[in-house]
Amino acid sequence: MERLPNRPEVLAQPAVPVLANDYDSFAEAYSAENENSLVNAYYERPAMLALAGDVAGRQVLDAGCGSGPLSAALRDRGAVVTGIDASAGMLALARRRLGNDVALRAVDLNGPLPFDDDAFDDVVASLVLHYLEDWGPTLAELRRVIRPGGRLIASVDHPFVAYTIKDPRPDYFATTSYTFDWTFSGQSAPMRFWRKPLHAMTEAFTTAGFRLSVISEPQPDPAARELFPDDFHALSAKPCFLFFILEVPPLAASSGE
């Protein structure tokens, strides 16, 4: 699920609301906000697409597809896309956007995936893993459904930025959660995220059987310079998200006798 551009003020006494991360309650407003925002439309999505490269003819799972902007872009580049999300409200918006071009299913990434082994060439996980405390079971399932030689392409909150939101900072090397209110389009929504140090992220990937291929800290699309003159420089000069390409090792070639 994609993130909004502005860093919100953290609650002074964070407590986990019952309905934290309830995207159904603000799906329309959220989708409208990130459709053309600097961070989403001119930074995160272009970076994900650049890392994905040529996807024509590839079976791609959009894990945490939200209202479907990344799925649509991958489809337009020739991929055969399946989208999953836990939010019925976001999936309804994705169906409105994508029609019958993309198979969409309600799936919680905390549980098993309803797909066969080796079902996809690629999985894209756009700003979704930081909703999870334990990446292990989810990464194991994503690894299971990716074919040998395939890829997981993921973006997450940059671990350095994630530890500047709350003051005083917690232990960088601990896995901790933080809560805040997102406010946009007149709506306020309680949110909860998990932050991990970089080594914990990479260890989770390799433990699940992935091979780390790329770690990227990309620049925003230069076209955003004129559209967002006040914010472009800040985004281009400071870390925001961290991007990974994780490969599934190909099957070893059998040796002839």
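Only one of (1) in contact with a helix residue (DSSP H, G or I) (Cβ under 8 Å, 6 or more places away or on another chain); (2) closer than 27 Å to L235 by Cβ; (3) buried (at least 21 other Cβ atoms within 10 Å of the Cβ) is not met by A47, so which one is it?
Of (1) in contact with a helix residue (DSSP H, G or I) (Cβ under 8 Å, 6 or more places away or on another chain); (2) closer than 27 Å to L235 by Cβ; (3) buried (at least 21 other Cβ atoms within 10 Å of the Cβ), only one is false for A47: (1).
One line per residue, one yes/no per condition, for (1) acidic (D, E); (2) at pLDDT 95 or above:
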{"position": "D76", "(1), (2)": "yes, yes"}
{"position": "G89", "(1), (2)": "no, no"}
{"position": "A106", "(1), (2)": "no, yes"}
{"position": "D116", "(1), (2)": "yes, yes"}
{"position": "G136", "(1), (2)": "no, yes"}
{"position": "P170", "(1), (2)": "no, no"}
{"position": "F173", "(1), (2)": "no, no"}
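Given the criteria without any contact (Cβ under 8 Å) to a residue 12 or more places away in the chain and of a type outside the set (F, W, Y), does G99 qualify?
It is true that G99 is without any contact (Cβ under 8 Å) to a residue 12 or more places away in the chain and of a type outside the set (F, W, Y).
Among the residues of segment 230-247, are any surrounded by 13 or more Cβ atoms within 10 Å (Cβ to Cβ), within 21 Å of the chain's Cα centre (by Cα), charged (D, E, K, R) and closer than 30 Å to F120 by Cα?
Among the residues of segment 230-247, at least one is surrounded by 13 or more Cβ atoms within 10 Å (Cβ to Cβ), within 21 Å of the chain's Cα centre (by Cα), charged (D, E, K, R) and closer than 30 Å to F120 by Cα, which makes the answer yes.
Each row is one residue, and each column tells you yes or no for (1) more than 30 Å from F26 (Cα to Cα); (2) charged (D, E, K, R); (3) within 15 Å of the chain's Cα centre (by Cα).
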site	(1), (2), (3)
L129	no, no, yes
R144	yes, yes, no
G149	yes, no, no
T176	no, no, no
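Determine if segment 247-254 includes at least one residue that is assigned to a strand (DSSP E or B) and either among the hydroxyl-bearing types (S, T, Y) or at pLDDT 95 or above (or both).
yes
Which one is surrounded by the most Cβ atoms within 10 Å (Cβ to Cβ) among residues in segment 192-220 that are over 26 Å from V145 (Cβ atoms) and in contact with a Leu (Cβ under 9 Å, 6 or more places away or on another chain)?
So the residue we want is P220.
Tell me yes or no: at least one residue of segment 78-89 is surrounded by fewer than 24 Cβ atoms within 10 Å (Cβ to Cβ), assigned to a helix (DSSP H, G or I) and among the hydrophobic types (A, V, I, L, M, F, W, C).
Taking every residue of segment 78-89 in turn, at least one turns out to be surrounded by fewer than 24 Cβ atoms within 10 Å (Cβ to Cβ), assigned to a helix (DSSP H, G or I) and among the hydrophobic types (A, V, I, L, M, F, W, C).
Residues in segment 19-34: is at least one touching a Pro at 6+ places or on another chain (Cβ under 6 Å), farther than 29 Å from V214 by Cα and either surrounded by fewer than 22 Cβ atoms within 10 Å (Cβ to Cβ) or not basic (K, R) (or both)?
yes
When you scan segment 95-186 for strands (runs of 3 or more DSSP E) that lie fully inside it, which ones turn up with 3 or more residues that are surrounded by 13 or more Cβ atoms within 10 Å (Cβ to Cβ) and hydrophobic (A, V, I, L, M, F, W, C)?
Once the strands (runs of 3 or more DSSP E) in segment 95-186 are filtered for at least 3 residues that are surrounded by 13 or more Cβ atoms within 10 Å (Cβ to Cβ) and hydrophobic (A, V, I, L, M, F, W, C), what remains is 120-126, 146-157, 176-184.
For a quick check of your reading of the model, give me the residue pairs whose first member lies in segment 206-226 and is of a type in the set (G, A, S), whose second is part of a strand (DSSP E or B), with beta-carbon atoms closer than 6 Å and at least 6 apart or on different chains.
Close Cβ pairs (under 6 Å, with a partner that is part of a strand (DSSP E or B)) amount to S213/I245; S213/E247; S216/F243.
Quick one: in segment 20-40, of everything that is more than 15 Å from P69 (Cα to Cα) and in contact with a helix residue (DSSP H, G or I) (Cβ under 7 Å, 6 or more places away or on another chain), which residue is modelled with the highest pLDDT?
Only one residue fits best here, namely Y23.
The values are calculated or read from the model by the stated rules, or taken from the named source; none is laboratory data. Every value quoted in this text rests on a predicted model; they were computed, and no experiment measured them. Using ideal geometry, Cβ is built from the backbone for each residue, glycine included, and neighbour counts are taken over all protein chains shown.
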